[in-house]
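Here's the structure, in C-alpha cells; my notes come after.
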Amino acid sequence: MLATIRPSDWDLPLLLHVAGAMLLVGALVIVALAMGGALRRPDDAAALTRLAFRALLLGVLPADIVMRIAAEWIVSTEGVGDPTWIGIGYSTADGGVLLAIIALALAWRATHRVGAGRTAGPGALGMATVALSAVLLVAYTVAIWAMTAKPT
Amino acid sequence: VSLYDWLLFLHVVAAFLLVAGVVAYGVVVLGGGQSAVRRVLGAPAVALWNAGGIGVLVLGIALAIEVDAYEIWDGWILAAIVLWFIASAAGGNLSRTVREDRGAPDGGPARALFAVMAVTTAVLLIDMIFKPGA
C-alpha cells in the first residue's frame, strides 16, 4: 500500500523515474522489433538495423540515465533503507545498463556491416542484440514487480 | 503478495505497454514514413496501444474499487478516465490509418493525432503520480 501513502516529496522524482523507465522499455521494444525485422527482411535490413542502433543510442541509454538518477534522488531524499525491492531495482538497473551498452556495441557493428554491404542482414550480431533486448525486457518486468509489490 | 499488489503490478505493466505503443507510433509517424519501418512497427504499435489501454482502464478501475482510500468518483480518477477517452479517440483514428496501409502516415493529421496521444498519455502519468486532490 506504499503507493497510497508515499510522501508527496517523492512525486517529482517518482514521475521522472517512472517516465524514464517507461521510455526505456518502449525504446527496448523498438530495438527488439526493428532488429528482429532486419533479421527476417534482408531487403530492409539496412534501415531496420540503423533504427535499432538509434533506438539504443537515443532512446534506451538516455532513458536509463533519467530512470537511474531519479531513483537515486528518491532514495537519497527519503532514506528508504535497503529492503529487498530496492536491491532488485539496483541490480536490474546496474546490470541492465551494462547489457544495454553491449547491445549498443553489437548494433553499431551490425549497422556498419550491413551498411557497407558486407552482409545481407545483421546476422549473429543482430540475433545477439535481440536476445539481449529480450533479457532486458524480462529483467525490467521483474523490476516492475519488485517496485510495485515491494517484497521485504 | 496481496490482490492489491497484483492489481498494481498488472496496472503498471499495462501502462508500460501503452507507452511502448506510443513510442512505436512515434517512430512510425515521425520517422520519415519509411515503408520498412512501418511494416515492422505498425501492427505491434496498434497491439501494444490497445492492450495497454484496455489494461490500464480495467485494472485502474479494479484498483479504485479495491483500495479503500480511493473512490471511482475522485477527481483525479475521473480526470484519468476523461484523458483515457481522449487518448483512445486519437489512438483509434491513428491505428486505422496505420492498419489500412494508405501510404506513410507522416502527414499533418497523423502527427496531430500522435501529439494528442502522447500529450494525454503524459498528462495521464502525471495525474497518476501526483493524484491531485487525493
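Loop-located trypsin sites (Lys or Arg not before Pro) across the stretch B:28-119 with a Cβ neighbour count of 15 or fewer within 10 Å are B:R102, with loop assigned by DSSP.
Summing charges over all other residues whose Cβ lies under 14 Å from the Cβ of A:F53, with Lys and Arg as +1 and Asp and Glu as -1, gives +4. Reported to the nearest whole Å, the Cα centre-to-centre distance from the stretch A:87-114 to the stretch B:6-74 is 25. Using the Cβ of A:G37 as centre and a radius below 9 Å, the other residues enclosed give a net charge of +2, where K and R count +1 and D and E count -1.
When each of A:L39, A:L33 is scored by the number of other beta-carbon atoms lying within 10 Å, the sequence from fewest to most is A:L39, A:L33. With N as its number of residues, the stretch B:1-88 has a Cα radius of gyration that, divided by 2.2 N^0.38 Å, comes to 1.28. Cα-based radius of gyration for the protein assembly as shown, normalised by 2.2 N^0.38 Å, reads 1.02. Counting Lys and Arg as +1 and Asp and Glu as -1 over every other residue whose Cβ lies under 11 Å from the Cβ of A:L125, the net charge comes to +2. Rounded to the nearest 10 degrees, the angle from helix A:61-78 to the longest Cα principal axis of chain A is 10 degrees. If you wrap the stretch A:1-107 in the convex hull of its Cα atoms and look at it from every side, the mean projected area works out to 7.4 nm².
Laboratory data are not the source of any read-out in this text; all were calculated from the coordinates shown. Just so it is clear, the structure is predicted and the values come from calculations on it, not from any experiment. As a convention, Cβ positions derive from the backbone with ideal geometry for all residues, glycine included, and neighbour counts pool all protein chains shown.
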